[in-house]
Protein chains: 2
Amino acid sequence: MSLTLYHAEPVANSAKVLIPLHEKGLPFESRYIDLSKYEQHEPWFVAINPEGQVPVLDHDGFIVTQTTVINEYLEDAFPEAPPLRPNTPQGNARMRYWNKFIDEHVMNYVSIHGWTRRVAYFAQSTDAETFEKMVARIPLVEQQRKWRKAREGFDQAELDEATRKVRLAVDKVEAQLTETPWLAGDVFTLADVNFFSHCAMMLERLFPEIGVRSELPHLFDWADRVKARPGVAAALKSEDRTSPEALAFMAQKR
Amino acid sequence: MSLTLYHAEPVANSAKVLIPLHEKGLPFESRYIDLSKYEQHEPWFVAINPEGQVPVLDHDGFIVTQTTVINEYLEDAFPEAPPLRPNTPQGNARMRYWNKFIDEHVMNYVSIHGWTRRVAYFAQSTDAETFEKMVARIPLVEQQRKWRKAREGFDQAELDEATRKVRLAVDKVEAQLTETPWLAGDVFTLADVNFFSHCAMMLERLFPEIGVRSELPHLFDWADRVKARPGVAAALKSEDRTSPEALAFMAQKR
């Protein structure tokens, strides 16, 4: 059995798959993709994932893309490993409801704010000619537009709408966590992994006006419990190769 | 065991759940929700689904919302009924990849064009005061905005972008169907139900410039095979209660 994960830094999409791999104790080969060098748009990588995005799982030659799909695949393919899915009809429905909500109403909105910091550095520190060549080979039109905005700046209206969506999501999660210890009920599931990776882990940094610990007691207690899990801690310890220049740019943007 | 489905006409979201119920041969109580009377925003219905949307499944008191979640729930809860999920790790991953793609990159874009015809009639034939009261009680801000656009008209740029997305999706499906008989491989699955309900069943009507039979031979052959299934045919025969006035309005909009 051979598992390979193509991934970037342990945050957002890449964290979302690194966490289950570590939680389930599945040995895998890590293939780092350098987003600052636009490696995800290189022809060799697009031959693996035509959408030109990380992470990608290769299981004995079977390619799986899209984090939510990859994570359920790991549940189906390795039933003997510790489960991150309730595996009851009701529990699975609750987990999938949250996964869908996070995928469609949280992920991209947090991401826009993340891009104004991290990705904007890559886009703005590239000369115009190289940038145009890079954009031209991005497979998804939506991603081409997002890279242009990372260079030129996102509209304030778009950033405000993203903040509104994150505010709603955070309140919805806080309300759920007053009723159950984890998002889908009594056990830690892929829904917790999803919200943690795409929102909670960078909430205080990206949304200082929303991520106020005292106003979200259940959410922060939950986040502490997520971070304390050995599998999560191990996944987040994956090497961060962000350059000192990029880190300085991001620090400025706070 | 008691199953109740709250649903509207057998098209789009409602068709997407009516089809699996019939395909799996599961007896259920049908509760028709009249969208032309904004019944989905009535307090009694919002008490069942706080998002104020159909369809909703009630299984012995357990409420499931969101069509993709409902459909996987039926697979989990009734494993003895004919399956619409491959139930192999690879097959499930392929099915879920398509479901995610259709949910995020197809459904809303077809829907905008559908709304300019069907929903626009409800929105435009309501007096201003009643309309404002109706909008005020819609739980989701995005749906409030969509209803306003149904009354005032969608921007051409938005309609064009939707057409671009549908064109891409249709080509992607045609390419897949040159390789496999069904979207997720060798068997009919929830992915086929999804694309049929949200796009293929109204492709020729809503997008006459895209839905050209001779240019999409595999897609139309597939759609014919979908429609020929007894479960699908039975689901689509559910009563259509659209008023003659609404039908006349829609015919005009072609």
Taking the conditions exactly as written (of a type in the set (S, T, N, Q), open to solvent by less than 60 Å² (accessible area, probe 1.4 Å) and free of Cβ contacts under 8 Å to residues at least 40 places away in the same chain), does B:GLN144 satisfy them or not? yes
Condition test on B:PHE122, is it aromatic (Phe, Trp, Tyr), away from chain A (no Cβ under 14 Å), over 30 Å from A:PRO79 (Cβ atoms) and touching a residue at least 24 places away in the same chain (Cβ under 8 Å)? yes
Tally up the residues in the stretch B:195-230 that are farther than 20 Å from B:ALA184 by Cα and basic (Lys, Arg), please. 2
Looking at (1) surrounded by 18 or more Cβ atoms within 10 Å (Cβ to Cβ); (2) on the phi > 0 side of the Ramachandran plot, can you tell me which one A:GLY153 breaks? (1)
How many residues, within the stretch A:222-254, are over 25 Å from A:ALA162 (Cα atoms), touching a strand residue (DSSP E or B) at 6+ places or on another chain (Cβ under 9 Å) and not in a loop (DSSP other than H, G, I, E, B)? 1
Kindly check whether there is at least one residue in the stretch B:107-116 that is more than 9 Å from chain A (Cβ to nearest Cβ), of a type in the set (A, V, I, L, M) and either under 15 Å from A:PRO89 (Cα atoms) or in contact with an Asp or Glu (Cβ under 7 Å, 6 or more places away or on another chain) (or both). yes
Kindly indicate which of B:GLU209, B:GLU174 is open to solvent by less than 30 Å² (accessible area, probe 1.4 Å) and of a type in the set (Asp, Glu). B:GLU174
Residues that are crowded, with 18+ Cβ neighbours inside 10 Å, at least 2 per element: which helices (runs of 4 or more DSSP H) completely within the stretch B:1-92 meet that? B:12-23, B:67-77
Scan the stretch A:80-105 for residues that are of a type in the set (A, V, I, L, M) and either closer than 16 Å to A:LEU35 by Cα or more than 13 Å from chain B (Cβ to nearest Cβ) (or both) and report the count. 1
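When the residues of the stretch B:93-133 are narrowed to those that are part of a loop (DSSP other than H, G, I, E, B) and in contact with a Lys or Arg (Cβ under 9 Å, 6 or more places away or on another chain), which ends up farthest from A:PHE62 (Cα to Cα)?
B:THR126
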From the list B:ALA136, B:ALA128, which residue is within 21 Å of B:VAL46 (Cα to Cα) and open to solvent by 50 Å² or more (accessible area, probe 1.4 Å)? B:ALA136
Among B:GLU158, B:GLU142, the single one that is closer than 22 Å to B:PHE249 by Cα, acidic (Asp, Glu) and part of a helix (DSSP H, G or I) is B:GLU158
Pairs, first more than 21 Å from B:VAL141 (Cβ to Cβ) in the stretch B:46-75, second aromatic (Phe, Trp, Tyr) and open to solvent by less than 10 Å² (accessible area, probe 1.4 Å), C-beta under 9 Å, six or more apart: B:LEU57/B:TYR73; B:HIS59/B:TYR73; B:PHE62/B:TYR73; B:VAL64/B:TYR73
What residue, among those in the stretch A:47-79 that are charged (D, E, K, R) and within 30 Å of A:MET134 (Cβ to Cβ), is nearest to the other protein chains (Cβ to nearest Cβ)? A:GLU51
Scan of the stretch A:222-243 for residues that are under 19 Å from A:GLU204 (Cα atoms) and surrounded by 13 or more Cβ atoms within 10 Å (Cβ to Cβ), ordered by number: A:TRP222, A:ALA223, A:ARG225, A:VAL226, A:LYS227, A:VAL232, A:ALA233, A:LEU236
Only one residue in A:LEU168, A:LEU219 is surrounded by fewer than 20 Cβ atoms within 10 Å (Cβ to Cβ), within 21 Å of the chain's Cα centre (by Cα), at negative phi and in a helix (DSSP H, G or I). Which one? A:LEU168
Residue under question is A:PHE195, and the condition is that it be within 14 Å of the chain's Cα centre (by Cα) and surrounded by 13 or more Cβ atoms within 10 Å (Cβ to Cβ); does it hold? yes
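The values are calculated or read from the model by the stated rules, or taken from the named source; none is laboratory data. Values in this document were obtained by computation on a predicted structure and should not be read as measured data. We place every Cβ from the backbone using ideal geometry, glycine too, and count neighbours over all the protein chains shown. Protein only, heavy atoms only, side chains kept; ligands, DNA and RNA dropped before computing areas. Shrake-Rupley method; radii C 1.70, N 1.55, O 1.52, S 1.80 Å.
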